[in-house]
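The values are calculated or read from the model by the stated rules, or taken from the named source; none is laboratory data. Just so it is clear, the structure is predicted and the values come from calculations on it, not from any experiment. Here the Cβ is made from the backbone with ideal geometry for all residues, glycine too, and neighbour counts use every protein chain on show. Keep in mind that these areas ignore ligands, DNA and RNA; they rest on the heavy atoms of the full protein, side chains included. Shrake-Rupley method; radii C 1.70, N 1.55, O 1.52, S 1.80 Å.
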Amino acid sequence: MLGYPTHVYVNYGALSNLQNFCINNCGNPFTEGIFGTHSRQFEVGVLDWFARIWGIAMDEYWGYVTTGGTEGNFHGILVGRELFPDGILYTSDDSHYSVFRAAQMYRMNFVKVNSLISGEIDCADFKAKLLRNMNKPAIVNVNIGTTFKGGIDNLDSVMETLKTTGFSEDRFYIHCDGALFGLMMPFVKRAPKISFEKPIGSVCISGHKFLGCPMPCGVQITRIGHIRAISRNIDYIGCHQDATLMGSRNGHAPIFLWYALNQKGYPGLQKEVQMCLKNAQYLKDRLRASGISAMLNEFSNIVVFEKPQNEEFVRYWQLAVQGDLAHIVVMPNITVAQLNDFLRDLAEKRAIWLREGKHQTLCVSANVGKENCVCPRHK
């Protein structure tokens with residue numbers, strides 16, 4: 001599974017007996033409720049952990065454990081829409097498809113902003129499009145690592161663009177989609193800081209990616225003042241101020257998240273992040289040394305390269321593809337030995353394809369930039 005952000009070798013055996021129980025965290029995790037067996041204490045523990053790394057006080061945030069990054073995006077964008085019912089959603093064209101689906105579900109006006117070669121938002125185009133809609137509040141989705149290229153939107157540049165175009169803090173809402181990188185970047189010293197000390201409204205991550213939880217899950221955190229717009233009191237489950245999108249929620253997921261965070265700790269997570277970034281750099285360098293165009297964004301573990309022109313090879317290594325490009329997400333379970341196996345297989349197959357006339361070096365400069373292209377024209 002080289003092409004997908006899945007950590008597949010995490011040992012959760014100590015929790016296996018929990019499968020004998022139905023654990024349902026129905027409603028607001030911060031109220032006890034009256035509904036069955038739950039794991040709210042673990043859920044709040046997980047939320048407090050993320051509140052610390054994202055710089056928000058315990059009494060200033062609200063959140064819950066979601067089904068994954070998509071639900072986190074749905075929730076964050078809904079909060080923005082409820083705060084600014086006539087607001088326009090801005091997001092780059094490299095954003096995850098769930099952002100566009102949220103705009104469709106909520107019947108929101110949205111503007112697609114151009115992306116740079118790196119995959120990050122083009123703030124010049126963002127500014128131009130803000131200026132066309134000065135009479136409407138802005139709801140902005142900021143990507144903390146785009147799905148395919150791993151491009152990180154510059155949060156400070158986004159905020160500066162809003163400011164210079166006349167959008168004060170009471171006229172915009174920023175949701176940060178940190179599905180994979182939102183957990184990794186706090187452990188990279190030079191990485192841009194994603195923090196509620198800045199005027200952002202919400203952040204979400206996926207828990208089944210870097211942490212490797214065995215079920216899809218995620219974490220969503222927002223400012224507590226914002227959730228009043230969507231919260232409801234649900235008497236029959238004894239729940240006050242429920243602002244979750246789902247009714248019944250997976251009560252196993254918070255326990256697995258809590259277990260992973262405590263087993264690894266800050267040192268363990270930092271070690272895994274650094275290993276992923278180092279191995280991603282190794283892969284990029286080896287690909288380019290082999291004459292294959294490859295790109296790796298700073299602070300990213302996603303290596304983008306020219307798509308192998310053989311569908312069987314793509315399926316075997318489970319590469320993610322988009323047009324003429326493919327990518328590998330170097331997760332903690334992906335070792336240098338596995339990368340070498342892939343590189344060796346790719347070299348052998350390319351030699352065969354070239355002999356059979358089924359392969360030629362692609363010019364992918366339009367998608368990865370001339371400096372990362374090794375076609376005959378740009379080598």
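Some points to look at:
- Couplings 3J(HN,Hα) of the range 6-11, computed from phi: 10, 9, 9, 10, 9, 8 Hz, in residue order, whole Hz [Karplus 6.51 cos²θ - 1.76 cosθ + 1.60, θ = phi - 60°; x for Gly and Pro].
- Label sites at N135 and E60, each approximated as a point 7 angstrom past Cα along Cα to Cβ, lie 3.6 nm apart.
- Evaluated over the range 265-372, the count of Lys pairs having alpha-carbon atoms less than 22 Å apart is 8 (only pairs 8 or more residues apart or interchain).
- Charge dipole of the chain about the Cα centre (unit charges at C-beta), most positive-ward option of T335, H226, S248: T335
- Mean-position separation - Cα centroids, the range 46-111 and the range 336-379, in angstrom: 38 Å
- Option label - semi-axes √(5λ) of the Cα gyration tensor in Å computed here, alternatives (i) 37, 21, 20; (ii) 46, 28, 17; (iii) 37, 27, 17: (iii)
- The phi-based Karplus calculation (6.51 cos²θ - 1.76 cosθ + 1.60; θ = phi - 60°) puts the 3J(HN,Hα) values of the range 160-175 at 5, 5, 4, 5, 6, 8, x, 8, 6, 5, 8, 10, 8, 9, 10, 9 Hz, whole numbers, x for Gly and Pro.
- Three-way shape call for the range 331-379 based on the alpha-carbon gyration tensor, with the a/c threshold at 1.5: oblate
- Sequence of C363, C22 when ordered by accessible area, the most exposed leading, probe 1.4 angstrom: C22, C363
- Ligands, DNA and RNA left out, the 1.4 Å accessible surface of the range 22-174 is 51% carbon and sulfur atoms.
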